[in-house]
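Please read the structure below before turning to the comments.
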Amino acid sequence: MASTDTISLTALAAELGVTCVELAQRVDDLIAEHGETAVIATVVRRRGADRRREEHVVLTADAARRLRPAPTAKCGRCRRTLTAARSVALGYGRTCQTRIAVAAKAAAALFKPAQIVKAVDAIELHAVIRTAGTTYAALSSAGDVAYRVELAAGTCTCPAGQHGRACYHLAAAAILVA
């Protein structure tokens, strides 16, 4: 027998931000789509001295997952909503992941290989983010100092950037903008 979840319709409606009527419609749609086996039983219980009814529904674990929306996040590059589990875990959508990889290869002509490796690591850790236009904020390797990267001017406020050298913060910003 499939595992089950007993869920208060009132509590689940509040969790999902819908009314009980809308949630009941979702349960009805679930039954229509997946058959009676999706909902094992509906139980009505009395609660407290006010004798208010609270409805509970017993769902298979699979049916309970279908009622709850998938976790979402925003892409770290383009800010689009991510819904795929892998993309949510990585913080970048499939297309942006590909663009970052291609841009990292193209940036190899402008930066040292070690800088490209550190830049890609910083991107994966979300240590470089766009603040406005071509301006980025980048964390130091230790994570205790934030640097300002001006991509249009080709400058960074890190020690290497202050001496006029290209740094991995600048490489990361160039990769993200591509």
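Before moving on, here are some points about what is shown:
Listed here are the residues, each with its yes/no results for (1) at pLDDT below 60; (2) farther than 30 Å from Ala166 by Cβ; (3) assigned to a strand (DSSP E or B).
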site	(1), (2), (3)
Thr37	yes, yes, no
Val44	yes, yes, yes
Asp50	yes, yes, no
Ala89	no, yes, no
Ala101	no, no, no
Lys105	no, no, no
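- Scan of the range 159-178 for residues that are assigned to a loop (DSSP other than H, G, I, E, B) and surrounded by fewer than 21 Cβ atoms within 10 Å (Cβ to Cβ), ordered by number: His163, Gly164, Arg165, Ala166, Ala178
- Sole exception among (1) in contact with a helix residue (DSSP H, G or I) (Cβ under 8 Å, 6 or more places away or on another chain); (2) modelled with pLDDT under 85 for Arg79, by number: (1)
- Single residue of the range 104-141 satisfying the filter (buried (at least 19 other Cβ atoms within 10 Å of the Cβ) and small (Gly, Ala, Ser)) that is farthest from the chain's Cα centre (by Cα): Ala107
The values are calculated or read from the model by the stated rules, or taken from the named source; none is laboratory data. Keep in mind that what you see is a predicted model, and the values were worked out from it rather than measured. Neighbour counts run over all protein chains shown; Cβ positions are idealised from the backbone, glycine included.
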